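The structure appears below as structure tokens.
Just so it is clear, none of the values below were taken in a lab; they were calculated from the coordinates. Being a predicted model, the structure only gives us computed values, none of them experimental. In this analysis, Cβ positions are derived from the backbone assuming ideal geometry, glycine residues included, and neighbour counts consider all displayed protein chains.
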Amino acid sequence: MLGFADISTVILAGGLGTRLRFVLSARPKVLALVRGRPFLTYLLDQLAAVGAREVVFCIGYMADMVKETLGDRYQTMHLTYSRENEPLGTGGALRQALPLFSSDPILVMNGDSFVDADLAAYLRWFLQKDLEASMVLAKVSDTSRFGRVTSDEQERILGFEEKGAHHGPGWINAGIYFLKQNFLRAIPSGRFVSIEKEIFPAWVSHGLYGYKTEGRFIDIGTPESYAMAEAFFTQ
């Protein structure tokens with residue numbers, strides 16, 4: 001069976017991090033220090049633990065700092081970079097980086113969030129179902145900040161609800177995806193595309209599935225959530 005040593009992982013690390021500007025004026029959000037380490041290294045440790053060998057970073061804002069900080073090796077992983085000359089969004093960045101991916105499927109991770117999910121179990125689930133596109137769904141106590149994802153008993157995703165539409169516990173997009181290359185080729189090239197707002201909703205009736213985990217989730221997109229990261233990674 002296909003393993004992580006055979007799979008290209010892509011980390012989306014090109015965002016502006018506007019809400020953290022006054023906290024991180026000298027570095028991009030994905031390099032925010034947590035316990036003295038760049039946030040991205042926690043994702044890389046998670047990948048190293050399952051035997052990943054190849055990681056592509058989609059970079060944009062303060063791209064040179066990301067490359068200089070991480071270099072071309074991390075533990076046993078080879079790191080390469082796909083640079084946006086202008087903002088392309090999450091979908092556009094993936095589409096631009098497509099020639100760098102050597103596997104089918106690929107694993108995609110948001111560079112500003114972390115979920116304590118069993119990635120090996122997620123891969124087995126994806127391969128056994130023989131899917132084209134899937135995402136990890138994390139359970140949180142209040143979905144209002146993130147938007148809610150609904151799915152059926154067969155784990156097919158039924159829809160996405162806007163941020164603020166509902167309060168209380170539920171499932172959210174945790175920012176980790178297994179995607180086939182056919183899915184990526186369908187993304188328009190050469191323009192800004194949001195995979196979350198444009199691409200995933202269009203796939204709701206075409207075979208988009210959700211893998212649920214109750215593992216802890218954090219993103220560092222706001223000063224408040226970033227302030228919680230030290231305690232999160234101490235547990």
> Which FRET efficiency value, to the nearest 0.05, is calculated for S102 and R145 with the Förster distance at 22 angstrom and r the Cβ-Cβ distance?
Replying inline: 0.05
> So what's the chain giving for Cα Rg divided by 2.2 N^0.38 Å, two decimals?
Replying inline: 0.95
> If each of R73 and E86 carries a label point 7 Å out from its Cα toward its Cβ, how far apart are those two points in nm?
Replying inline: 3.9
> Which loop trypsin sites (Lys or Arg not before Pro) in the stretch 112-169, with loop taken from DSSP, have no more than 16 other Cβ atoms within 10 angstrom of their Cβ?
Replying inline: R145, K163
> Each residue of the stretch 175-183 in order: what ³J(HN,Hα) in whole Hz does its phi give by Karplus 6.51 cos²θ - 1.76 cosθ + 1.60, θ = phi - 60°, with x for Gly and Pro?
Replying inline: x, 10, 9, 9, 10, 7, 5, 4, 4
> Shape of the stretch 151-222 from its Cα gyration tensor (a ≥ b ≥ c, root eigenvalues): rounded if a/c is under 1.5, otherwise prolate when a/b > b/c, or oblate?
Replying inline: prolate
> Relative contact order of the stretch 42-192: what whole-number percent is it, with Cα pairs under 8 angstrom and at least 6 residues apart?
Replying inline: 26
>> Counting only helical runs of four or more DSSP H residues, what would the 222 nm mean residue ellipticity of the chain come to if each run contributes -39,500 (n - 2.57) and the total is spread over all its residues?
In response: -5500 deg cm²/dmol
> Taking the Cα-to-Cβ direction at A165 and at R216 and moving 7 Å from each Cα, how far apart do the two end points lie in nm?
Replying inline: 3.0
> With the Cα gyration tensor of the stretch 1-106 giving a ≥ b ≥ c as the square roots of its eigenvalues, does the rule (a/c under 1.5 for rounded; else a/b larger than b/c for prolate; else oblate) give rounded, prolate or oblate?
Replying inline: oblate
>> Show me, for the stretch 211-222, the HN-Hα J-couplings you get by feeding each phi into the Karplus relation (A = 6.51, B = -1.76, C = 1.60, θ = phi - 60°), rounded to Hz, glycine and proline as x.
In response: 9, 8, 9, 9, x, 5, 10, 8, 10, 10, x, 10
>> Please report the antiparallel percentage of the DSSP beta bridges confined to the chain, to the nearest 5.
In response: 50
> For S8, which sequence-distant residues (separation of 5 or more, or a different chain) have an amide H within less than 5 Å of its own amide H, given hydrogens modelled in the peptide plane?
Replying inline: S102, S103, L107
> What's the extension gain from V204 to E230 if we count 0.36 nm per residue and subtract their Cα-Cα distance?
Replying inline: 5.8 nm
>> Where in the chain is the longest stretch that carries no GluC sites (Glu not before Pro) classed as loop by DSSP and with at most 16 other Cβ atoms within 10 Å?
In response: 1-152
>> Apply the Karplus curve 6.51 cos²θ - 1.76 cosθ + 1.60, θ = phi - 60°, to the phi angles in the stretch 103-115 and return the couplings in whole Hz, x for Gly and Pro.
In response: 10, 8, x, 10, 9, 10, 10, 6, x, 10, 9, 9, 10
> Can you give the alpha-carbon Rg of the stretch 78-174 over 2.2 N^0.38 Å, where N counts its residues?
Replying inline: 1.23
>> With viscosity set to 1.002 mPa s at 20 °C, what whole-number translational diffusion coefficient in µm²/s follows for the stretch 112-152 from Stokes-Einstein and a Kirkwood radius over Cα pairs?
In response: 176
> K67: which lysines have alpha carbons under 25 Å from its alpha carbon, excluding same-chain residues fewer than 8 sequence positions away?
Replying inline: K29
> Within straight cross-link reach of K163, meaning Cα distance under 17 Å, which lysines are found once same-chain residues fewer than 8 apart are removed?
Replying inline: K139, K197
> Going by the alpha-carbon gyration tensor, a ≥ b ≥ c the square roots of its eigenvalues, is the stretch 100-235 rounded (a/c under 1.5) or, if a/c is not under 1.5, prolate (a/b greater than b/c) versus oblate?
Replying inline: rounded
> Local charge sum around G89 (other residues, Cβ-Cβ under 13 Å, Lys/Arg +1, Asp/Glu -1)?
Replying inline: -1
